[in-house]
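A.B. asks: Quick one: this structure, given as structure tokens, is what I'll be asking you about.
Please treat every number below as a calculation from the coordinates, not as lab data. Here the structure is a predicted model, which is why all the values come from computation and not from measurement. A quick note on method: Cβ atoms are made from the backbone with ideal geometry, for glycine too, and the neighbour counts reach across all protein chains shown.
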């Protein structure tokens, strides 16, 4: 009898403690409507790093986003200053730029893949200017890489040099936008390599 009373008192104490703890948690969570209440391990979802636009006392100018040091180049950045987006830059690229990649099956296959993804929708898989966007009349006047198709900058498309093709991928031309953000320099050269194979089609 005495043991059962003790057991009942113990369970009442546990229940009362639980109720008090629950009430305390609810009270702290609800006292401020703007508060998120108790948070567990908030450093797992609150960023420790500064946002780029936040003030930052760690730098003399108080800004988080800093200008890169002079004469530095970001990793993977292709400096193309010698060949500006002008007719003169295009012609200079046509004379001076040479594909640095070896003509291999692997590079051609890779170039074909990038061409199919990024170029074929307009230029067609065979480079004939009959991509599906041309067929549904989204774009007109997309030239073929082979035959007697003329370039809008003069000469025939089948005679374009590697440098001229690369320059066009870098900056775009007419309705074609720049693909510099979609393709790395190496990927661009692989596309150039594949386009030069398409130029040989009679």
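A.B. asks: Angle between the Cα long axis of helix 185-198 and the longest principal axis of the chain, 0 to 90 degrees, nearest 10?
C.D. replies: 40 degrees
A.B. asks: Note the angle between two axes, namely the Cα long axis of helix 87-96 and the longest principal axis of the Cα atoms of the chain, as a number of degrees from 0 to 90, rounded to the nearest 10.
C.D. replies: 80 degrees
A.B. asks: On to the next question. With axes computed from alpha carbons, what is the tilt in degrees of helix 162-171 against the longest principal axis of the chain, rounded to the nearest 10 within 0 to 90?
C.D. replies: Taking Cα atoms only, the helix is inclined about 40 degrees.
A.B. asks: Next question, about the same structure. Starting from the Cα of residue 176, step 7 Å along the direction of its Cβ; do the same at residue 11; then give the gap between the two resulting points in nm.
C.D. replies: Placing both labels 7 Å along Cα→Cβ, they lie 8.2 nm apart.
A.B. asks: While we're on this one: Helix-only estimate, please: 222 nm mean residue ellipticity of the chain, summing -39500 (n - 2.57) across DSSP H runs of length 4 or more and dividing by its residues, to the nearest 500.
C.D. replies: Details: 7 runs with 81 residues, N = 202.
The helix contribution divided over the chain gives -12500 deg cm²/dmol.
A.B. asks: Moving on. Taking the convex hull of the Cα atoms, report for the chain its projected area averaged over all directions, in nm².
C.D. replies: 25.3 nm²
A.B. asks: Using a ≥ b ≥ c from the Cα gyration tensor of the range 90-202 (square roots of the eigenvalues), is it rounded, prolate or oblate, where a/c under 1.5 gives rounded and otherwise the larger of a/b and b/c decides, a/b for prolate? Can you show the working numbers first?
C.D. replies: Numbers: a/c = 1.38, a/b = 1.22, b/c = 1.14.
Rounded.
A.B. asks: Taking 8 Å as the Cα distance limit and 6 or more residues as the minimum spacing, I'd like the relative contact order of the chain as a percentage.
C.D. replies: Computed value for the chain: 18 percent relative contact order.
A.B. asks: Can you sort 73, 161 from fewest to most other Cβ atoms within 10 Å of each residue's own Cβ?
C.D. replies: Least to most surrounded, the residues fall as 73, 161.
A.B. asks: Now for a separate question. I need the per residue convex hull volume for the range 72-122, using only the alpha carbons, in cubic angstrom as a whole number.
C.D. replies: Taking only Cα atoms, the range 72-122 has a hull volume of 143 Å³ per residue.
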